[in-house]
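Read-outs: derived from the displayed coordinates by stated rules, not from any lab. The structure presented is a predicted model; accordingly, all values stated were derived computationally and were not measured. Because the Cβ atoms are built from the backbone with ideal geometry, glycine has one as well, and the counts that use them run over all protein chains shown.
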Amino acid sequence: MTITEKYINKILPYLDNDIETEKINGLISYKFACPFCHIYSDSEDSRKNKCASLTPIQGSYDYKFICMRSRSNECRRIYGGRSFHNFLAMYNPALFRQYKKELATL
Ligand SMILES: [Zn+2]
């Protein structure tokens, strides 16, 4: 397991209690309700809509965060999505600091 995968597993429980997974290019992609823009939805159904995903970037062990709804500044699709690095820094700064520390010890 890569450090990125390890931290994805750490962050998943915070994101949604019902995460959908899908295999893409032999790696797992995770789908969940967007933690940034679900609050802007009017109906329960659309709040639960799994519009966001952490998806493996082809040809690497890196992941990117994409929100199909893209309703907030944090999840707006710029340059085709955010890196996991960037996503973690925004969503959980405490966990991000651990992640950076662990990457630095490689
Ligand atoms: Zn969103």
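Helical content alone sets the calculated 222 nm signal of the chain at -10500 deg cm²/dmol, taking -39,500 (n - 2.57) per DSSP H segment of four or more residues and averaging over every residue. For segment 94-106, putting each phi into the Karplus relation 6.51 cos²θ - 1.76 cosθ + 1.60 with θ = phi - 60° gives couplings of 5, 5, 4, 4, 5, 4, 5, 4, 5, 5, 6, 8, 5 Hz, in residue order, rounded to whole numbers and with x for Gly and Pro.
So which chymotrypsin sites (Phe, Trp or Tyr not before Pro) in segment 1-84 end up in coil per DSSP with only 16 or fewer other C-beta atoms within 10 Å? All intermediate terms of the calculation are to be shown ahead of the outcome.
Numbers: sites: TYR7, TYR14, TYR30, PHE32, PHE36, TYR40, TYR61, TYR63, PHE65, TYR79, PHE84; in loops: PHE36, TYR61, TYR79.
Loop-located and lightly packed - TYR61, TYR79.
Between TYR61 and ILE39, the C-beta separation translates, for a Förster distance of 35 Å, into a calculated FRET efficiency of about 0.65. Of ILE3, ILE11, the sequence from fewest to most neighbouring Cβ atoms within 10 angstrom is ILE3, ILE11. Multiplying the residue separation of TYR14 and THR105 by 0.36 nm and removing their Cα-Cα distance gives an extension gain of 30.2 nm.
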